[in-house]
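Participant: Before I ask anything, let me first share the structure, which is written out below as structure tokens.
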Amino acid sequence: MTADNTSSVTEFILTGLTDQPELQIPFFFLFLGFYVVTVAGNLGLMTLIGLNSHLHIPMYFFLFNLSFIDFSYSTTLTPKMLMGFVSEKNIISYAGCMTQFFFFCFFVFSESYILSAMAYDRYVAICKPLVYTVTMSPQVCLLLLLGVYGMGVFGAVAHMGNIMIMTFCADNLVNHYMCDIIPLLELSCNSSYINLLVVFIVVTIGIGVPIVTIFISYGFILFTILHISSTEGQSKAFSTCSSHIIVVSLFFGSGAFMYLKPPSILPLDQGKVSSIFYTSVVPMFNPVLYSLRNKDVKIALKKTLSRKIFS
């Protein structure tokens, strides 16, 4: 296949997470377990928030959407990865690859911005508690959510536009377990410095802007907490933010490690390991962290279970 007839490219071959046959089945069951916990945890947390009226406040409104995003982009990627562990040749069609890539970008960008919206919510709750109800009104929460998903659309469209102008040469072997921008760039016969620059700019907007927002929010939060006179009050404030800080560290740490370094510094094989964290580990841990470390969620779970048992 030459560059002149690249329009005939109809499929890609994914190398998967590992090329060692003896690891395929153990990895299949490992990531199947991750996926089951991810689906059960996130759908369970969404159901819990929906059924308990005392959780219908901004903090849990954003947490509901975080769980929806985690469930969605895990479902976008994991089933195909699981098929790759048990298939002799892990093939994905061109249309399927582009579709997976679009929704992956959409949900990852959305997660970045929902985490920054949650940081802003915690900032208002701790630093401006007297005006919290007014500042985080339903209208404001809806506008923030529209911004979250709007940035998701922006990230997906920008990356897709970058991919769609490329042509692919004879090699259709994608060195990844999913369709991602960097391994696809490596296959293109007309990718250039401009394409890499676009990737860097779009990823910087997707990761950099939320990180700055989160750092500013937690800077104000830390300043406020240090001025709380009682140790109990400080402990309660830290406890409120701890789950979110852990999730942010895992998600943005692994994402920045993968995308904000040149491929020459971070080989793709190491990048695949890094991407496991934000595609499989983070979506699985989010509901666990917010459930085990959140008093309101544990109370809601006990009430829901009591109602089910009683009925």
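Participant: Please compute the modelled spin-label separation between LEU146 and ASP171, points set 7 Å along Cα→Cβ, answer in nm with one decimal.
Facilitator: It is 4.6 nm.
Participant: Another question about this same structure. Scanning the chain for helices, which whole DSSP H stretches are 30 Å or more long along the axis (Cα) and average 0.5 or more by Kyte-Doolittle?
Facilitator: Helices meeting the criterion: 21-51, 58-86, 94-127, 138-164, 231-259.
Participant: Considering only MET81, VAL134, LEU145, whose Cα is most displaced toward the positive end of the charge dipole of the chain, charges sitting on Cβ of Lys, Arg (+1) and Asp, Glu (-1)?
Facilitator: VAL134
Participant: Taking amide H positions as placed in the peptide plane 1.01 Å from N, state which residues far from VAL174 in sequence (5 or more) or on other chains have amide H under 5 Å from it.
Facilitator: ILE13, LEU14, THR15
Participant: Using R₀ = 22 Å, calculate the FRET efficiency as 1/(1 + (r/R₀)^6) where r is the Cβ-Cβ separation of MET164 and GLU186; round to 0.05.
Facilitator: 0.85
Participant: Among 35-42, 142-149, what's the highest-first ranking by average C-beta atoms within 10 angstrom per residue?
Facilitator: Most protected by this proxy first, the peptides run 35-42, 142-149.
Participant: Moving to a separate point now. Over the chain, what is the relative contact order in whole percent, taking alpha-carbon pairs under 8 Å and six or more residues apart?
Facilitator: Here the relative contact order equals 27 percent.
Participant: Calculate, for VAL273 and MET83, the FRET efficiency according to 1/(1 + (r/R0)^6) with r their C-beta to C-beta distance and R0 22 Å; round to the nearest 0.05.
Facilitator: E(calc), rounded to 0.05, equals 0.65.
Participant: Output needed: Cys residues of the chain lacking any neighbouring Cys C-beta below 4.7 Å, sorted by number.
Facilitator: CYS105, CYS127, CYS141, CYS241
Participant: Can you tell which of MET59, ILE91, THR38 lies farthest toward the positive end of the dipole of region 1-142, using +1 and -1 charges on the Cβ of basic and acidic side chains (Lys, Arg; Asp, Glu)?
Facilitator: MET59
Participant: Translational diffusion coefficient of the chain at 10 °C, 1.306 mPa s, Stokes-Einstein with Kirkwood Rh over Cα pairs, in µm²/s as a whole number.
Facilitator: 76 µm²/s
Participant: Rank these by accessible area, largest first, 1.4 Å probe: MET284, MET83.
Facilitator: Descending accessible area places them as MET83, MET284.
Participant: Further question: So what's the gap between the Cα centers of region 97-136 and region 36-80, to the nearest angstrom?
Facilitator: 14 Å
Participant: Rounded to the nearest 0.05, what FRET efficiency do THR135 and HIS54 have when you use their Cβ-Cβ distance and R0 = 22 Å?
Facilitator: 0.65
Participant: 7 Å from Cα along Cα→Cβ at both ILE25 and THR231: what's the point-to-point distance in nm?
Facilitator: 5.5 nm
Participant: What is the gain in length, in nm to one decimal, between ILE91 and GLU11 on full extension, counting 0.36 nm per residue of separation less the C-alpha to C-alpha distance?
Facilitator: Additional length available on full extension: 28.1 nm.
The values are calculated or read from the model by the stated rules, or taken from the named source; none is laboratory data. Source: prediction; values computed, not measured. Virtual Cβ from ideal backbone geometry, glycine too; neighbours counted across all protein chains shown. Heads up: the accessible areas ignore ligands, DNA and RNA and are worked out on the full protein's heavy atoms, side chains in. Shrake-Rupley method; radii C 1.70, N 1.55, O 1.52, S 1.80 Å.
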